[in-house]
Amino acid sequence: MEDRVIEFVRGLRAAGVRVSLAESMDALRAVEVLGIVNKDLFRESLRATLVKEADDFAAFDELFPLYFGSGGPAMQNASEDLSPDEQQMLQAALQAMSGRLQQLLDWLTSGEGPTKEELEELARRAGAEWADNPQQARWVTRRMLQQMGFAHLEDQIQELVQRLQEMGMSQQVIEKLMGVVEANREALAEQVAQQIGLQISQQRANRPEDLHGSDLMYKPFHSLTAVEMDILRKEVQRLVTQLRTRAALRRKRGSKGKFDSKGTIRANQRYGGVPVELKYKKRKLKPSLVILCDVSRSTENVVEFMLHLTHALHDQVSKMKSFAFYDRLVEVPNEVLEHIRHNEPDAAFETLRQMLPYRPYGTDLGSCLETFCQQHLNVVNGRTTLIILGDGRNNYNAPRIDLIKDLQRRVRKLVWFNPEQVREWGTGDSDMLEYAPLCDEVFSVRNLAQLSAAVDKLLAS
Amino acid sequence: MFKDIADVQTRLSHQQYIASDEISTVVYLAQSLCKPILAEGPAGVGKTELAKVWAKALGAPLVRLQCYEGLDESKALYEWEYAKQMLYTQLLRDTLRNMLGDVNNLAEAAQRLAQEEDVFFSENFLLPRPLLTALTADEPVVLLIDEIDRADVEFEAFLLEVLSDFQVTVPELGTIAAKHQPMVLLTSNNTRELSEALKRRCLYLYVDYPALEAELDIVRLKVPNLGPALAQQAVAVVQQLRNMDLRKVPSISETLDWARALVTLNAKEIDEKTLNNTLTVLLKYESDVAKARRMMGDGGSRGRYNR
């Protein structure tokens, strides 16, 4: 049983749940205390010790039955209730059926499914060993069922019914028989699905870690696939915690805050109320951020992570406002931020697209800066860090360098996050080389690692 | 101490707390593995209440530490009472003089004083705050660390020693280990992510809103005066509200408040008028109230909200 639990922990880890060695030891101790007889308790003891995040419950619930289930619902024997005559009829009818599919019908009527070895052989033939992510499980399962003959099963059952009728079996018995066969069919399909799910999970656990977040952090945003984006979205949660801890521990304290009258009275009780020690409130310096994001197609991925990171860290900054720009500039509504926080990027960008409909060659930072200076200048002041996230490609519109200069003077710091490599700046319609010297800092954020490092640096200053 | 999981459930229910299988299993595990519990979930589902009834069920004292931003060691652990120490020194001056009256030289006086040193640096002058109280108690206690997510990250790091080894280090006295391991419950409303180090040391319990049946049981237990039919109706309304997209969905405590309000108002059934009058007990935002009225299709908002 211990081996099985450890295998299960490996499966969980491969599914992206973080389980430490100490936690798996806790799980084993918990199992020792509660035993394995009661399945619910066993499940509960594993869950309380291994899964420490409500988001990971789904992965746990998916894997638990695969590792500790009975392998799927049991099948029943259809011929049990039949009279000897009828049993013979069934046997004869089955014998008369042709070839490969006979075996499947045999399984379904007798209630004795394929043995473990047979299942494994079938899985191998369906290509289960080459699958290593859960999305493929359904596909492999379908192929395996097809190979077992499920595709032609309907016809076969019809034929069987016909033969039995010809042999003179009563309609009632046939219907009952078919009911059991139908139930067995579902049970067998479920068994196969579980077998495949388990095998894929185990294979994923044994595979070298090629798809893990830590490596993907270095993969450029524009070449991430949908699956990889999903993995990274999970990774962002962890990243946020790390960044927050670092930011909190490192945050600069103001040299002197206001006089703290309450604290002083409290501290000087010990001297009989004579104010010997004066107390001051600690002043924590938190940055205040204003973010302008380019939301054209090419920057969608980086914008999502940027908004996710910064807004998850909202408690580490004193004020934060985000604007999205394309051909116009709009403030990012709370609804969009909520979607991003809950990892629903499609809904988020859907809303943004409605506000900023797509137009070919639409991006126009120059006029957006103008809107910003005319309508939203009140959100920036001498303490603000203004971040522009974009590739600086303006479609040959006026870059409005003058406005950037003006903004740079107004804010504490003007920072540019560019998702392109440095050598691409200034090529084609990119005005980046003109913008760059005007900014206090410019970061190239091609991947999540660079992005988080840049955000980290912002929080520190 | 609880004997088994069923025992946890019965003894908690004697304290008027309906514990799901999940909750009672985790409580039992926490006791047998000597590990703290980290309870997460939406506000008002009875996380804090769990600690209270846990203590009552065991007959153990409850020590509560409410976390907030800026909470530090001196407020959570101990404070050194300089005033008391100074006062003692003053009052004992005569005794000291008598004691040292017959010595011949400075060295002898110092040595004699050193023998009595412990008097001046003893636990007498330690003013215990919740954490130290829990550790030095003469019987096992239940320690409730409420809303840990409100405390600073620094404080979370400080808690790690307490939670894994059940000991604290006081510079003046050295390390103080717990006489009895306290049973610890941390609660969090998930306003921020907790560090992995903290999570690793705890058993995890996610308390969610209960299903209809469970909530009905709670209402029956806590507000027995409410008629059964009315209780059923009320809980159904609350469950329906929770499925709506509201700024703040009603919690269990609000369900109970509402149930009590219905009893006080002597309501016979939940009709338009009653609902209109009492909806503000359940919903705390004007926009939510308006939305709920619109959804329930009652007449109170006709014309104004119906578009």
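With K and R counted +1 and D and E -1, the other residues having a Cβ less than 14 Å from that of B:F158 yield a net charge of -4.
Relative contact order for chain A: 12 percent, from Cα pairs under 8 Å spaced at least 6 residues apart, divided by residue count. Give the angle, between 0 and 90 degrees and rounded to the nearest 10, that separates the Cα long axis of helix B:212-222 from the longest principal axis of the Cα atoms of chain B. Helix B:212-222 sits at roughly 60 degrees to that axis.
Candidates B:V249, B:Q111, B:W54 compared by Cα position along the dipole of chain B: farthest toward the positive end lies B:V249, with charges placed on Cβ. The GNM of chain B, with springs linking C-alpha atoms under 10 angstrom apart, assigns the highest mean-square fluctuation among B:L159, B:L92, B:L135 to B:L92. Place a label point 7 angstrom from the Cα of A:H342 along the Cα-to-Cβ direction, then list the residues of the range B:16-48 whose backbone nitrogen is under 18 Å away. Label zone hits: B:41-43. Entry note: the range B:212-294 has Rg to Rh equal to 0.93, where both radii use alpha-carbon atoms and Rh is the Kirkwood radius.
Rounded to the nearest 0.05, what FRET efficiency do A:Q146 and A:A74 have when you use their Cβ-Cβ distance and R0 = 22 Å? E between A:Q146 and A:A74, to the nearest 0.05, is 0.40. Here the protein assembly as shown is treated with +1 on each Lys and Arg Cβ and -1 on each Asp and Glu Cβ, and its dipole about the Cα centre works out to around 3860 debye. Between A:Q171 and A:N334, the simple label model (points 7 Å from Cα in the Cβ direction) yields a spacing of 6.5 nm. Placing unit charges on each Cβ (+1 for Lys and Arg, -1 for Asp and Glu) gives chain A a dipole about its Cα centre, and among A:Q242, A:I340, A:L356 the Cα reaching farthest toward its positive end belongs to A:Q242. Along the axis of the charge dipole computed for the range A:84-206 (Cβ charges of +1 for Lys and Arg, -1 for Asp and Glu, origin at the Cα centre), the listed residues A:F150, A:Q203, A:G111 are led at the positive end by A:Q203.
Projecting label points 7 angstrom from Cα along Cα→Cβ for B:R64 and A:D260 puts them 2.5 nm apart. Taking Cα atoms, how many degrees apart are the long axis of helix B:5-14 and the longest axis of chain B, rounded to 10 and kept between 0 and 90? Result, in degrees: 80.
Counting pairs of alpha carbon atoms under 8 Å apart in space and at least six apart in sequence, what relative contact order in percent does chain B give? Kindly include the intermediate steps, with their values, before the conclusion.
Values: 414 pairs, mean separation 68.4, N = 307.
Here the relative contact order equals 22 percent.
Judged by the ratio a/c of the largest to the smallest principal axis of the C-alpha gyration tensor, the protein assembly as shown counts as oblate, that ratio being 1.5 or greater while a/b is no larger than b/c. Charging the Cβ of each Asp and Glu at -1 and of each Lys and Arg at +1, and nothing else, the dipole of the range A:2-68 about its Cα centre rounds to 80 debye. For q values of 0.16, 0.20 Å⁻¹, compute log₁₀ I(q)/I(0) with the Debye formula on a Cα-only model of the range B:107-154, without solvent. Those come out to -0.68, -0.82, one per q. With both labels modelled 7 Å from their Cα along Cα-to-Cβ, the A:H314 to B:N124 distance reads 5.4 nm. Against chain B, whose longest principal axis is taken from its Cα atoms, helix B:82-91 shows a tilt of about 40°. Can you say what percent of the DSSP beta bridges in chain B, counting only those with both residues inside, are antiparallel? Round to 5. Of the beta bridges lying entirely in chain B, close to 30 percent run antiparallel. Largest GNM mean-square fluctuation across B:L100, B:L203, B:L29, computed for chain B with C-alpha springs under 10 Å, falls on B:L100. With 0.36 nm allotted per residue and the present C-alpha distance subtracted, the B:S13-B:E269 stretch has 89.3 nm of extension available.
With each run of n ≥ 4 DSSP H residues scored as -39500 (n - 2.57), what mean residue ellipticity at 222 nm is computed for chain B after dividing by its residue count and rounding to the nearest 500 deg cm²/dmol? Each step should come with its number before you reach the end.
Working: 15 runs with 153 residues, N = 307.
Per the formula, -14500 deg cm²/dmol.
Cβ-to-Cβ counts within 10 Å put B:W80, A:W130, B:W54, A:W416 in ascending order as A:W130, B:W80, A:W416, B:W54, the fewest first. Every Cα-Cα pair in the range A:84-206 was counted, and those over 25 Å apart are 31% of them.
Kindly identify the range A:312-461 as rounded, prolate or oblate by the Cα gyration tensor criterion: order the square roots of the eigenvalues as a ≥ b ≥ c, call it rounded if a/c is under 1.5, otherwise compare a/b with b/c, prolate if a/b is larger, else oblate. Each step should come with its number before you reach the end.
Working: a/c = 1.25, a/b = 1.08, b/c = 1.15.
Since a/c stays below 1.5, the shape of the range A:312-461 is classed as rounded.
Considering only alpha-carbon pairs that sit under 8 angstrom and 6 or more positions apart, the relative contact order computed for the range A:311-411 is 27 percent.
Would you look at the GNM of chain B, springs on alpha carbons closer than 10 Å, and say which of B:M86, B:M99, B:M295 moves the most? Looking only at B:M86, B:M99, B:M295, the largest GNM fluctuation is found for B:M99.
For chain A, what are the DSSP H helices with axial Cα length of 30 Å or more and mean Kyte-Doolittle hydropathy of at least -0.5?
Values: long enough: A:171-206 (52 Å, -0.30); A:226-250 (35 Å, -0.23).
What comes out of the filter, once short or polar helices are dropped, is A:171-206, A:226-250.
Given axes a ≥ b ≥ c from the Cα gyration tensor, I'd like to know whether the range B:148-209 is rounded (a/c under 1.5), prolate (a/b larger than b/c) or oblate. Since a/c reaches 1.5 and a/b is larger than b/c, the shape of the range B:148-209 is classed as prolate.
FYI, it's all coordinate maths here, none of it is from the lab. What you see is a predicted model; the values in this text were computed from it and never measured. Backbone-built Cβ (ideal geometry, glycine too); neighbour counts: all protein chains shown.
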